[in-house]
Structures are given as structure tokens and as C-alpha cells.
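Report on one structure; see the data block that follows.
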């Protein structure tokens, strides 16, 4: 996410501060990355709840610690997006399904996290369909409090 913010800030600076107009051009790689994120497998809240009852899922909240502290899905682990690589080796060995979630439109950060985790060799990962916002909208149970570290 930090990379996207830096890129957006750089583009803003170029377009606003540049003496001549700058046109943003999407590359084929950018288009492929967007398509890849769309293709990340999703899992429904109902399916996650079933797996939670069987203790067959590890929920990974990729939001920042402050957002996590304000409310998160019970049993979720807070691993902000930029820290995912630190956990890849352990997650490769985990037999449970790993489910990433965020509070983005179309679960964008969660899908990006799942895609990156696949690149790190973690194969058993999906993004939560609707993410935290859908969880809240449905009135599902949430927990408040600071993150616990794995």
C-alpha cells in the first residue's frame, strides 16, 4: 500500500507542479496486475464462519493496527500489508486456509495481499468477499482491542 501512496503522491506532484501537462499512462504490466487482483479467489462470510467453527481458518487482517484495534473479526491476526513477507515461511507450513481481509472496496488490499502471498509461496490463501465492511453490515460479532502479535 505504501508503494501506491508514494506513486500517487509522485503523480500528483508531477501534474500539479509541472510547468507542462503530464499524462498518466497505464502500462500493460499495470493492467495485468489489476486483472490478477480481480482473479484472486474469494471466500464468503458464511463459508469463513463454518471454517472458524471447525478451527480450519486463519484470518489475517491486513489493515493498520489502529483500524484493527477499533474492531476486527474474532480470532483474526493483525498483519499490516507491508509486513506480510515476514510471515510467509510460517504460513507455507500452515494447514489451515488463510483468509485475508481489509475494509477496501472490492477487497482490494486483501486481494493484493493474497496475490503477494502466492508470490511468496503461500498457496492456501483467499480474500474475504466483502471484507470487514460486509462483516459489519451483516451484524456479525466483532472484537475491539489492540493487535496481538503472532
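The values are calculated or read from the model by the stated rules, or taken from the named source; none is laboratory data. All values reported here derive from a predicted model rather than from experimental measurement. Every residue, glycine among them, receives a Cβ derived from its backbone with ideal geometry; neighbour counts consider all protein chains shown.
So that you can scan it fast, the table gives a plain yes or no per residue for (1) within 23 Å of residue 145 (Cβ to Cβ); (2) out of contact with any helix residue (DSSP H, G or I) (no Cβ under 7 Å at 6 or more places or on another chain); (3) surrounded by 23 or more Cβ atoms within 10 Å (Cβ to Cβ):
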| site | (1), (2), (3) |
| --- | --- |
| 81 | yes, no, no |
| 95 | no, yes, no |
| 101 | yes, no, yes |
| 108 | no, no, no |
| 113 | yes, no, yes |
| 117 | no, no, yes |
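Working carefully through the options 55, 95, find the one that is modelled with pLDDT of 95 or more and assigned by TED's automatic domain parsing to the domain that holds residue 131.
The unique qualifying residue is 55.
Applying the selection to segment 60-77, what residues are within 11 Å of the chain's Cα centre (by Cα) and either in a strand (DSSP E or B) or not assigned by TED's automatic domain parsing to the domain that holds residue 137 (or both)?
60, 61
Quick check: is even one residue across segment 26-39 modelled with pLDDT of 50 or more, more than 20 Å from residue 145 (Cβ to Cβ) and not in a helix (DSSP H, G or I)?
Yes, segment 26-39 has at least one match.
Just one of the numbered conditions (1) part of a helix (DSSP H, G or I); (2) free of Cβ contacts under 8 Å to residues at least 12 places away in the same chain is not true of residue 114; which one?
Result: residue 114 passes all but (2).
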